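Structure first, commentary second.
None of the figures in this text is laboratory data; all of them are computed from the coordinates on show. Note that the structure is a prediction, hence the values are computed from the model and not measured. All Cβ positions, glycine included, derive from the backbone under ideal geometry; neighbour counts span all protein chains shown.
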Amino acid sequence: MKKLIVLIGSLLFGLILMNVYTDSGKMKPDGLEINTSNIKNSKESVADMSVSGYIHKKKTLEMKTALKEKNTISIDQTGSESEYIIIDSTGEKVFSEKIKGDTIRSFESISGEGIIKIELNSGNHDAMIRINEDELKNQ
């Protein structure tokens, strides 16, 4: 019985190691590269951002952005699924969706400063996120 338990434990440990290591036998590096473009005349509010890299554990990114009454968020991404949450200046969640792949979504909110949270699952990420892109080009 003890041998069976040790055998099953060893097998599970081996499967876990196989998932963590790449074909070359090296562990995948854990890290993200995050680039942001700020809204004109702002040092904190983000107009767009890109995220790329690999993470072992779930991670949440949080950035300030500018919202208007009618908004669009454009997401071009490959890799793992991510959840996008946008909160307006009153603290109300005005948009929340798990997304995998490319999409454009519209949502309404109170005009003013808001927060975008991106919850990244473990795995590969390569994404470009733009908020109210057409209007920001005119500012």
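Quick look at the values:
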item: Calculated from backbone phi, Karplus (6.51, -1.76, 1.60) coupling profile of the stretch 115-127 in Hz, x at Gly/Pro; result: 10, 10, 10, 10, 9, 8, 6, 5, x, 7, 9, 8, 9
item: ILE5/THR60 FRET efficiency (R0 35 Å; Cβ-Cβ; nearest 0.05); result: 0.40
item: Theoretical ellipticity at 222 nm over the chain - DSSP helices of four or more residues, -39500 (n - 2.57) apiece, nearest 500; result: -5500 deg cm²/dmol
item: For the chain, built as a Gaussian network whose Cα springs stay under 10 Å, the top-fluctuating residue of LYS43, LYS59, LYS93; result: LYS43
item: Spin-label model distance (nm) - SER42 vs SER106, 7 Å beyond Cα toward Cβ; result: 2.1 nm
item: Interchain or long-range residues, amide H under 5 Å from VAL46's placed H; result: ILE39, LYS64, THR65, ALA66
item: Between 0 and 90°, nearest 10: helix 2-20 axis offset from the chain longest Cα axis; result: 40 degrees
item: Over 22 Å (Cα to Cα) - which of LYS3/LYS57; LYS68/LYS93; LYS43/LYS93; LYS58/LYS100; LYS2/LYS57 fall in this group; result: LYS3/LYS57; LYS43/LYS93; LYS2/LYS57
item: Of [x] 15.2, 53; [y] 19.6, 72; [z] 13.6, 41, the label for Rg and Dmax of the Cα atoms in Å derived from the coordinates; result: [y]
item: Distance (nanometres) between label positions extended 7 Å along Cα→Cβ at THR90 and ASN124; result: 4.3 nm
item: Table column - 3J(HN,Hα) (Hz), the stretch 79-87, Karplus curve with 6.51, -1.76, 1.60, x for Gly and Pro; result: x, 5, 5, 10, 10, 10, 10, 10, 10
